[in-house]
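In what follows, a structure is listed as structure tokens, so that the remarks can point back to it.
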Amino acid sequence: MRASQFHFNTLKEAPADADAVSQKLMLRAGMIRKVAAGIYDYMPLALRSIRKIEAIIRDELNRAGALEISMPLVQPAELWQETGRWNKMGQEMLRLRDRHGRDFAFQPTSEEAVTDIARQELKSYRQLPCNFYQIQTKFRDERRPRFGLMRGREFTMKDGYSFDRSAEAAGKSYDAMYAAYCNIFDRIGLVYRAVAADTGAIGGDRSHEFQVIADTGEDALVYCPDSDYAANIELAEALPLLPARGSAVAKLVRTATPGMEACNAVAEFLGAPLTTTVKSLVLASDEFDDAGHIVATTLWLLLVRGDHELNEVKASKIEGLNAGFRFASETEIVGHFGCKPGYLGPIAPCKPVRVVADRTVASMFDFICGANAEGYHYTGANWGRDLPKPEIVADIRNAAVGDPSPDGKGTLAINRGIEVGHVFYLGDKYSRAMNASFLDIDGKPRFFEMGCYGIGVTRILGAAIEQNNDERGILWPAAIAPFEAVVCAVGWGKSESVRLESTRLYEALREAGVDVILDDRDERPGAMFADWELIGVPFRLTVGERGLKEGIVEVQLRQGGEQVKLIPAEAAGYLVGLLRHTLR
């Protein structure tokens, strides 16, 4: 490939509405073009990287025994109605009607479609295990698409689904896909963590996320540096920080705290440690009649220590909140506590509320909490003496740096991450709902045990750049760079010796299997180098008339900028060796 025959446009500045490093760099490098919010054209440079990612994915999945299929982008509503997800998916699912008035969905995922395939195609245990996957366009109507390819509306995803005859066999399929995913991300060249995760709307019992480590990541990853423990913060267990409740020492005192609504302000005002305060959060759960009208509402008071944060995913697992909840309105709060938020507490609310205390709060004594009166807090509050012991004690907070690790092998640390892959064990959630069964060895019908496995193909581009960039541009891992190497011919139009040597090196690299481009544009060296540094090609081989007169060409590594001067006869072999070392 020659640059004069290849299309790319680089920009000095990114558009003003670009809000992520990867988005800015991909727009500047001419890799993507914005069509609408969350929707992009993938230009030749980007598509080359996407195809390399897809090739790695296919190679590892095929090696693991998965079979590639292709399911339709547009799926009939009836399939989604069988599982109840037609209504549950909400506005993220794009719905449309054909000319006959029939409802369809533009696939955000394909559990229903693939389960329909299985119930028609897989009749006997002899056909199991079976693992289908596709690499296909998806659409999710994000309310606020942002961060370029990492939170877009239209994207490319690899989604796979395994079908097994038993939970034990499904576990083996899950483990095989977990291992394949590790191989995929190792080969791509990303620094990542596989962390235990919540199963979310897809459902299931076992789940791991593959998170690319990046300071700009949306997800918080909790891990123990001294062990293998790792989990998304939504799932990471937060152990109680007090071994047992101490005995009450202080008296309960209603103390004036004028204008002090936040726990840190109250602690500072009273000269007390923040760890002696209790934060109150009020949730509401509604009951509905068949017509969808609210017939009853229960208010819940959730208590976490003042320096901790509520984990809404953990709260959603509590019996009574697991059918759905919302944060209570100020009107509801005033009606139950007699004051506005900022001074709420568990001692003597005006109306009954259900109290849930985090495990650390349940062991606190002589603590500070709201007095349910504006401008006042209680000091010296104690369970059992001043208020009933909490009705429910549960882990409802985010784990924090320095907490003891749940495996007992050290303390916790936190990284930021970008989710690029996810594996789920689904069980029979979908097969039972869609009556998808097979005849087992005993001749009886049984529902398939299923697994679900996703990789955000186009998201990997954004995540890789968020993890690998500098002030000059992108630092691609060699395995997914648009080109592995570029031969920069300085003075192409002026020097026959430059043309001949550049072409010879280019052909030698091609014959050695290197994905290389020859820059035969008559650009100034500075502009030429700046383009390829912005685009992020890992290796640059520069051929110039001055260097040839001295008997040298120059090889430069994009990562770190190391430069090596070599005689032309050695340059191609040297670069091939570097690539083999990088990709091994």
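Worth a mention:
- Degrees between helix 525-535 axis and first principal axis of the chain (Cα, 0 to 90, nearest 10): 40
- Net length gained if the chain between Ala512 and Val313 were fully extended (0.36 nm per residue, minus Cα distance): 66.4 nm
- Of all DSSP beta bridges in the chain, antiparallel share, percent nearest 5: 80
- Our summary gives the chain a relative contact order of 17 percent, counting only alpha carbon pairs under 8 angstrom and 6 or more residues apart.
- The calculated 222 nm mean residue ellipticity attributable to helices in the chain amounts to -8000 deg cm²/dmol, summing -39500 (n - 2.57) over DSSP H runs of n ≥ 4 and dividing by all residues.
- Listed pairs Lys317/Lys429; Lys24/Lys158; Lys251/Lys389 exceeding 21 Å between Cα atoms: Lys24/Lys158
- Counting every other Cβ atom within 10 Å of each residue's Cβ, Met1, Met260 order from fewest to most as Met1, Met260.
- Relative contact order of the stretch 253-394, taken over Cα pairs closer than 8 Å and 6 or more residues apart, is 27 percent.
- Structure-derived Kirkwood radius over Cα pairs in Å: which label, when the choices are [x] 27.8; [y] 25.1; [z] 24.3: [x]
- Of the beta bridges in the stretch 483-583, as assigned by DSSP with both residues counted there, near 45 percent are antiparallel.
- Contact order normalised by residue count of the stretch 483-583, Cα under 8 Å, 6+ apart, percent: 30
- The alpha-carbon atoms of the stretch 1-135 define a convex hull whose volume equals 185 cubic angstrom per residue.
- Dipole check for the chain: with +1 at the C-beta of Lys and Arg, -1 at the C-beta of Asp and Glu, and the Cα centre as origin, the magnitude is about 360 Debye.
- Equivalent ellipsoid semi-axes - Cα gyration tensor, the stretch 90-163, angstrom: 28, 18, 8
- Cα long-axis angle, helix 457-467 against the chain (0 to 90 degrees, to the nearest 10): 90
- By the count of neighbouring beta-carbon atoms within 10 Å, fewest first, Lys429, Lys12, Lys34, Lys88 end up ordered Lys12, Lys88, Lys34, Lys429.
- Between Arg126 and Ala248, the modelled labels are 7.4 nm apart [label points 7 Å from Cα along Cα→Cβ].
- Percent of beta bridges antiparallel (DSSP, the stretch 253-394, rounded to nearest 5): 70
All of the numbers you see were taken from the coordinates with simple rules; none came from a lab. The model shown is predicted, which means the values in this text are computed figures rather than measured ones. Don't worry about glycine lacking a Cβ; one is built from the backbone with ideal geometry, like all the others, and counts go over all protein chains shown.
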